[in-house]
Amino acid sequence: TSLDLLARLPMDSIHSYEALVPTNPIFYKACTSGVAYTLGDFVSQIYQGRNLKSVDLARSARSGAAGFVGHGPLCHFWMVWMEAHLDFDGAWYGTGFKVFADQTVWSLYLNAMYSFLIGSFALRNPRDVWEDVKATSWPALRSSWRFWPFVHTISFSHLVPLDLKLLWVDAMEIVWVTILSKVANDDKVAKLDED
């Protein structure tokens, strides 16, 4: 029946994704992050008061491109590295080490990379892009500490299989990119208001 089909759809989709990822992990994870970043920016714009007619689709596309080029491929390698070096043979405390590593050096890097890519894709002056990276790094990191540690307690545990970790993270990423996009773009709105 249609109801049975609808009920099976989410799990069938996850199983299909899980079967595809090992065939080309970087590409599929890049696509997953690209979609998540696009949706996150789109939701951020709606949250900031835009309607469907006034949404800046180019901005959402730049955010999606940043997810595709930066987040997906790099997080694939990061998660594989953490599983190899910070898992401690499945010890319970391995999750804590992964969360700590992710929320210090990696988070700072990813947030800076996001601001850099967004500015670069908008063809902004490199000095202005660098100023944006510096201006958004600390606020984005502070916001990150309020959101990701709980999420990553699940992400980096053995509850989520390695090939599905980025899918889980990207589902949460839609919420996070909404926050990050707001932080990255609020600064520009404030500057425009000052002028």
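The values are calculated or read from the model by the stated rules, or taken from the named source; none is laboratory data. Everything numeric here is computed off the predicted structure, so don't read it as measured data. Note: ideal-geometry Cβ built from the backbone for every residue, glycine included; neighbour counts use all protein chains shown.
I need the full set of residues from region 106-134 which are charged (D, E, K, R) and without any contact (Cβ under 8 Å) to a residue 12 or more places away in the chain, in order please. Outline the logic, then answer.
First, pick out the residues of region 106-134 that are charged (D, E, K, R): 124, 127-128, 131-132, 134.
Listed by number, the residues that qualify are R124, R127, D128, E131, K134.
Within region 151-179, residues that are within 17 Å of W81 (Cα to Cα) and free of Cβ contacts under 8 Å to residues at least 60 places away in the same chain sit with their Cβ atoms under 9 Å from residues that are of a type in the set (K, R) and in a helix (DSSP H, G or I), at 6+ positions apart or across chains, in these pairs: H152/K98; S155/K98; S155/K165.
Can you say whether T38 is closer than 25 Å to W176 by Cα and either at pLDDT below 95 or in contact with a helix residue (DSSP H, G or I) (Cβ under 7 Å, 6 or more places away or on another chain) (or both), as far as the supplied structure shows? Steps first, answer last, please.
Numbers: closer than 25 Å to W176 by Cα: yes; either at pLDDT below 95 or in contact with a helix residue (DSSP H, G or I) (Cβ under 7 Å, 6 or more places away or on another chain) (or both): yes.
Yes, satisfied.
Exactly one residue out of W130, W92 is at pLDDT 95 or above and either closer than 24 Å to I154 by Cβ or not aliphatic (A, V, I, L, M) (or both): that is W130.
Considering L117, L110, the condition of being under 23 Å from A135 (Cα atoms) and touching a Lys or Arg at 6+ places or on another chain (Cβ under 9 Å) is satisfied by L117 alone.
Tell me, which helices (runs of 4 or more DSSP H) wholly within region 15-103 include 1 or more residues that are in contact with a Phe, Trp or Tyr (Cβ under 9 Å, 6 or more places away or on another chain) and among the acidic types (D, E)?
Details: elements: 25-47, 57-66, 72-85, 94-101.
Counting at least 1 such residues, we get 72-85.
In the list A61, A112, which residue meets the criterion of being at pLDDT 95 or above and either under 21 Å from L166 (Cα atoms) or β-branched (V, I, T) (or both)? Full working, then the answer.
Numbers: A112 fails: at pLDDT 95 or above.
Going through A61, A112 in turn, just one is at pLDDT 95 or above and either under 21 Å from L166 (Cα atoms) or β-branched (V, I, T) (or both): A61.
The requirement of being farther than 21 Å from S107 by Cα and among the hydroxyl-bearing types (S, T, Y) is fulfilled nowhere in region 63-75; no residue meets it. Being under 27 Å from I118 (Cα atoms) and among the hydroxyl-bearing types (S, T, Y) is the filter; apply it to region 133-172 and report the residue that is surrounded by the fewest Cβ atoms within 10 Å (Cβ to Cβ). Per the criteria, the residue is S137. In the set (1) in contact with a helix residue (DSSP H, G or I) (Cβ under 6 Å, 6 or more places away or on another chain); (2) surrounded by fewer than 21 Cβ atoms within 10 Å (Cβ to Cβ); (3) within 27 Å of F156 (Cα to Cα), the condition left unmet by K29 is number (2). Within region 85-105, residues that are without any contact (Cβ under 8 Å) to a residue 12 or more places away in the chain have Cβ atoms under 9 Å from residues that are among the basic types (K, R) in these pairs: D87/K98, counting only partners at least 6 apart in sequence or on another chain.
Here S13 meets each of (1) small (G, A, S); (2) over 13 Å from the mean Cα position of the chain (by Cα); (3) at pLDDT 95 or above with one exception, condition (3).
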